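Some notes on the structure that comes next.
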Amino acid sequence: MSNESFPGWHGTTIIGVKKGDEVVIAGDGQVSLGQTVIKGTARKVRRLSPGGHEVVAGFAGSTADAFTLLERLETKLEASPGQLARASVELAKDWRTDKYLQKLEAMLIVSDGADIFVITGAGDVLEPEHDVAAIGSGGNYALAAARAMMDSDKSAEDIARSAMAIAADICVYTNGKLTVEKISK
């Protein structure tokens, strides 16, 4: 089957919200193939504990590719314990330069409770402005909704949940079956 005739996998919205001493990463559970929902309860937010240092990661894109990247991130974190920024930069460098990794189609949002980073295959490690990051099909909807709520009295979790609900109402590739992980420093 050629790539042009393949309908393509769509789906996922992942958001990271930092407010006060807490970071929340939330992701929906929908995986779609073309116009069909293949699974509605996928778990796209994970807790990693390399070397006893907890990190929360959410991914959008190919699941197998994301798992490969999460394994590589864990390896980088084991090599530089407690240094998420350094591990993220090392992963992004490998992702951009390694011929095998270059083909991977996913994006990550990661946090150690102090920082949030978006890691891409283009070699980017982005620290978001306004303490909110979002990726995936409904990422822009969730991002806009969360930013509008950041000055409210809502907690990081309440903002993430509300933003994801808004994204799920707008984006057909996003559902309301959430996985939510909190982390603080």
Seminar exercise, completed: Filtering segment 132-155 down to residues that are in contact with a helix residue (DSSP H, G or I) (Cβ under 9 Å, 6 or more places away or on another chain) and over 29 Å from THR97 (Cα atoms) yields TYR141, ALA142, LEU143, ALA144, ALA145, ALA146, ARG147, ALA148, MET149, MET150, SER152, LYS154
Exercise. Take the residues of segment 1-35 that are polar (S, T, N, Q) and at pLDDT 90 or above: which is nearest to SER137 (Cα to Cα)?
Worked result: THR13
Exercise. Restricting attention to segment 12-36, which residues are over 12 Å from the mean Cα position of the chain (by Cα) and in contact (Cβ under 8 Å) with a residue 60 or more places away in the chain?
Worked result: LYS18, LYS19, GLY20, ASP21, GLU22, VAL23, GLY29, GLN30, SER32
Exercise. So which of ALA133, ALA85, ALA114 is out of contact with any His (no Cβ under 9 Å at 6 or more places or on another chain) and more than 28 Å from SER152 (Cα to Cα)?
Worked result: ALA85
For this session: Among the strands (runs of 3 or more DSSP E) lying completely within segment 107-185, list those that include at least 1 residues that are surrounded by fewer than 17 Cβ atoms within 10 Å (Cβ to Cβ), at pLDDT below 95 and of a type outside the set (Phe, Trp, Tyr).
Result: 179-184
For this session: Given the conditions (1) part of a helix (DSSP H, G or I); (2) out of contact with any Lys or Arg (no Cβ under 8 Å at 6 or more places or on another chain); (3) more than 30 Å from ASP169 (Cα to Cα), report the number of the one that ALA64 does not fulfil.
Result: (3)
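The values are calculated or read from the model by the stated rules, or taken from the named source; none is laboratory data. The model shown is predicted, which means the values in this text are computed figures rather than measured ones. No Cβ is skipped: glycine too gets one built from the backbone with ideal geometry, and neighbour counts run over all protein chains shown.
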